[in-house]
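The values are calculated or read from the model by the stated rules, or taken from the named source; none is laboratory data. Note that this is a predicted model, so its numbers are computed, not measured. Side chains included, ligands, DNA and RNA excluded: accessible areas come from the protein's heavy atoms. Shrake-Rupley method; radii C 1.70, N 1.55, O 1.52, S 1.80 Å.
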Amino acid sequence: MNTINFMELDVRPILRAGGEPFEKIMEAVTTLAPGQGLRLWATFKPIPLFHVLGSRGYSHTEKALDNGDWEVEFSPPAPSAHAAKGATAQAIPAPQAEASWPEPVQQMDARDWEPPEPMINILAVLELMNEGEVLAALLNREPLFLLPELAKRGHDWYGAFEPDNTTYKLVVRVGSATGAAA
């Protein structure tokens, strides 16, 4: 059985100082060697991060510590045959969605915007679009807080970092109006 080598990252000091450690976490993830995992310590259970790293193939185990902090181990994805052949990763890891969705009717380049501008503007544009229409957006980071909001509003989405590892491409298909349940 292979033992995973974990990079260790303690973001508790950043959180206790009122900071946002997401960029530091993602920087650490991009520097991981193939097969290497990330052991993270935080002051809360980082549930949004489970989805973010899960979308990159990482599994996780979490452990509550006695003082209310959390230790989470993110284990790397198993090497795929596609990666083993040295092929370039596709920007969008959902070919079934890519094949069946219509072309985007809206394009947005938000790479130079600071949070929360991308989230606010994407949600505003989606409100003006018709059900089934598609928006494509380029972002400078994974939209950690936007993704659950899209799901809550009934929109479908898929996205991933482009091969440059600095541009996140998000594709959203407008869902039916939420809150209309009788």
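Here are the numbers for the structure shown:
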| item | result |
| --- | --- |
| Theoretical gain in end-to-end length, His51 to Asp66 [0.36 nm per residue, Cα-Cα removed] | 2.9 nm |
| Ranking by accessible area, most exposed first, for Asp66, Asp112 with a 1.4 Å probe | Asp66, Asp112 |
| Solvent-accessible area of Asp164 with every protein chain in place, 1.4 Å probe, in Å² to the nearest 10 | 80 |
| Area of Leu139 that stays accessible when all protein chains are in place (1.4 Å probe, Å², to 10) | 10 |
| Hz values of 3J(HN,Hα) by residue in the stretch 55-70 - Karplus curve (6.51, -1.76, 1.60), Gly and Pro given as x | 5, 9, x, 7, 9, 9, 10, 10, 9, 6, 9, 4, 8, x, 7, 10 |
| Rounded Å value of the spacing that divides the Cα centres of the stretch 97-126 and the stretch 1-72 | 27 |
| Distribution of pairwise C-alpha distances over the stretch 2-74, 10 Å bins, in % | 19, 58, 22, 1 |
